[in-house]
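J.: Have a look at the structure that comes next, please.
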Amino acid sequence: MIELPVYDKGGKQVDTLVIDEAWLGHEVRPGLLKQAYVMFHANRRQGSARTRSRGRVTGSTRKIYRQKGTGRARMGTRRTCIRRGGGVAFAKTKTGPQFRQRMPKKMRRLANRNALLAKLVDNEVKCLDDLTLETPKTRDFKAVLDAVGVDRTCLVALDPANRNAALSVRNLPDVDAIRVDQLNAFELLNHRYLVVTKASLEAFLDGSAWSGGGKKEAA
């Protein structure tokens, strides 16, 4: 069992949340986390890179000079791939390599939970009892982060209804906000700290963060 301290906005410990690491995969699995990270990263690629083959380059198809009698090597058109401004030998087209990768659903879900376990083991999860703000204010939210000891990149997992907190995060450098029902291994591993409320973390653990209930995660 992992005992996670729960803080108030002033940085004072007010409670403790006990988490069973068995539901998070028992132990940190570096191979699984790397596979999930590479998959998320590859699937974010736009894949819009294009280059022109010699058939798509604008220019004359006339032979530059005659084949024989010049004493020079034979040469074709100006659009060949060995001349400046010519086409590319193996051009990237729409039918080129596809970057998308897949993982089985159970592996993706386990990777999301296991990334959270890695954060818990390294004491990089800052759990608060409440993150509601009366008005969107970046200064107030920065004071909360400073109070709980956040000094590096940070991912803030918020309830979708907590709009004031989401607006307060936008102007903070190296701090990103995400809905708790969209937590995934890629975002967790891309930030040093995870800031989350006790209610949101419990909803992530028991699966109630997703509509319809059941133990599901962002895939």
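J.: Quick one: GLY85 ticks every box in (1) loosely packed, with under 11 Cβ neighbours inside 10 Å; (2) at pLDDT 90 or above bar one, so which box is it?
T.: With respect to (1) loosely packed, with under 11 Cβ neighbours inside 10 Å; (2) at pLDDT 90 or above, GLY85 is out only on (2).
J.: Please give the number of the condition PHE90 fails out of (1) under 17 Å from LEU155 (Cα atoms); (2) modelled with pLDDT under 90.
T.: (1)
J.: Then there's this: Out of everything in region 140-181 that is among the β-branched types (Val, Ile, Thr) and in a strand (DSSP E or B), what residue ends up being farthest from ARG192 (Cα to Cα)?
T.: My answer is ILE178.
J.: Quick check: anything in region 89-107 loosely packed, with under 11 Cβ neighbours inside 10 Å and in a helix (DSSP H, G or I)?
T.: Within region 89-107, one or more residues are loosely packed, with under 11 Cβ neighbours inside 10 Å and in a helix (DSSP H, G or I).
J.: Something else about it: If we keep just the residues of region 158-176 that are within 19 Å of the chain's Cα centre (by Cα) and within 13 Å of LEU145 (Cα to Cα), which is surrounded by the fewest Cβ atoms within 10 Å (Cβ to Cβ)?
T.: Looking at the filtered set, the residue picked out is PRO173.
J.: Could you tell me which numbered condition PRO104 fails, if it satisfies all but one of (1) closer than 30 Å to ALA177 by Cα; (2) in contact (Cβ under 8 Å) with a residue 24 or more places away in the chain?
T.: Failing condition for PRO104: (2).
J.: Tell me, which residue of region 202-215 that is out of contact with any helix residue (DSSP H, G or I) (no Cβ under 8 Å at 6 or more places or on another chain) and modelled with pLDDT of 70 or more is farthest from ALA161 (Cα to Cα)?
T.: Among those residues, the one meeting the criterion is ASP206.
J.: Please determine whether any residue of region 28-37 is among the small types (Gly, Ala, Ser), more than 34 Å from the chain's Cα centre (by Cα) and more than 16 Å from ASN184 (Cβ to Cβ).
T.: Checked against the condition, which is being among the small types (Gly, Ala, Ser), more than 34 Å from the chain's Cα centre (by Cα) and more than 16 Å from ASN184 (Cβ to Cβ), region 28-37 yields no hits at all.
J.: Let me ask you something else. If the requirement is being assigned to a loop (DSSP other than H, G, I, E, B) and within 26 Å of the chain's Cα centre (by Cα), which of these qualifies: ALA22, ALA49, ALA42?
T.: ALA49
J.: Here's another thing I want to ask about it. Restricting the first residue to region 1-28 and requiring it to be over 10 Å from CYS127 (Cα atoms) and modelled with pLDDT of 85 or more, which pairs with a second residue that is of a type in the set (D, E, K, R) and in a strand (DSSP E or B) meet a Cβ separation below 9 Å and a spacing of at least six or different chains?
T.: VAL18/GLU3; ILE19/GLU3
J.: Filter region 41-73 down to the residues that are touching a Lys or Arg at 6+ places or on another chain (Cβ under 9 Å) and under 30 Å from VAL121 (Cβ atoms) and list them by number.
T.: ALA42, ASN43
J.: So, one more: Specify which of the listed residues (ARG139, ARG100, ARG113) is at pLDDT 90 or above and under 18 Å from the mean Cα position of the chain (by Cα).
T.: The match here is ARG113.
J.: Considering each of VAL14, VAL38 in turn, give the residue that is within 30 Å of LEU128 (Cα to Cα) and not basic (Lys, Arg).
T.: Only one candidate qualifies: VAL14.
J.: Tell me which residues, restricted to region 22-42, are among the β-branched types (Val, Ile, Thr) and more than 20 Å from ILE2 (Cα to Cα).
T.: Answer for region 22-42, where residues must be among the β-branched types (Val, Ile, Thr) and more than 20 Å from ILE2 (Cα to Cα): just VAL38.
The values are calculated or read from the model by the stated rules, or taken from the named source; none is laboratory data. Predicted model only: the values in this text are computed from it and were never measured. Cβ atoms come from the backbone with ideal geometry, glycine included; neighbour counts cover every protein chain shown.
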